[in-house]
């Protein structure tokens, strides 16, 4: 009986490592699947009449989506234009950025981590949104797209934007993920090891 328990204890860590590795491989960043286009706000329902409240809500979502796309592109332009001061204006006071194995909370910590990216004459990387979704209440949005380095896609970013004042969207969460060709991480953001790479 003791030998069987010893074998189970010896196999269990290996099983946990194998499952964690498989999940890590499945978690590679990829582009979202396109969805069918929503009907335009002038489209008629199956009953032949348009619904003014639905059309107004759809128009408001389209406007919010366009604002987030514009703001994400402007945020990316701060890196391209080497404008660190402008970069900081896009951050919510509550912003949390996940960078490699670190978590930065608030603009001061984010500024400390990101300032070196703005020191060279050329930007070390760039990004652009390729998909934006806004919640139906129009107050929270997800923007995602490719991270490029030397013209090559090296990862994807995910940014959560919050409407903090009329027509003022700011980032509350930001995280990048490597593409599948990149080696998987071995530690999480707290520095805890996922698995032993030996």
Scan the range 68-110 for residues that are more than 16 Å from the chain's Cα centre (by Cα), in contact (Cβ under 8 Å) with a residue 24 or more places away in the chain and in a helix (DSSP H, G or I) and jot them down. 79, 80, 84, 87
Please work out which residue is surrounded by the most Cβ atoms within 10 Å (Cβ to Cβ), limiting yourself to the range 150-164 and to residues that are more than 18 Å from residue 98 (Cβ to Cβ) and at pLDDT below 95. 153
For residue 55, only one of the following conditions fails: (1) loosely packed, with under 15 Cβ neighbours inside 10 Å; (2) over 25 Å from residue 115 (Cβ atoms). What is its number? (1)
Residue 132 passes all but one of the listed conditions (1) touching a helix residue (DSSP H, G or I) at 6+ places or on another chain (Cβ under 6 Å); (2) at pLDDT below 95; (3) assigned to a strand (DSSP E or B); the exception is number (2)
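Mind listing whichever residues of the range 80-91 are in contact with a helix residue (DSSP H, G or I) (Cβ under 9 Å, 6 or more places away or on another chain) and surrounded by fewer than 18 Cβ atoms within 10 Å (Cβ to Cβ)? Give the steps one after another, and end with the answer.
Quick first cut of the range 80-91, residues in contact with a helix residue (DSSP H, G or I) (Cβ under 9 Å, 6 or more places away or on another chain) only: 82-91.
Result: 82, 83, 84, 85, 86, 88, 89.
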Restricting attention to the range 111-126, report how many residues are in a loop (DSSP other than H, G, I, E, B), in contact with a helix residue (DSSP H, G or I) (Cβ under 7 Å, 6 or more places away or on another chain) and surrounded by 14 or more Cβ atoms within 10 Å (Cβ to Cβ). 1
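The values are calculated or read from the model by the stated rules, or taken from the named source; none is laboratory data. Predicted model only: the values in this text are computed from it and were never measured. So basically every Cβ, Gly included, is an ideal-geometry build from the backbone, and we count neighbours across all protein chains shown.
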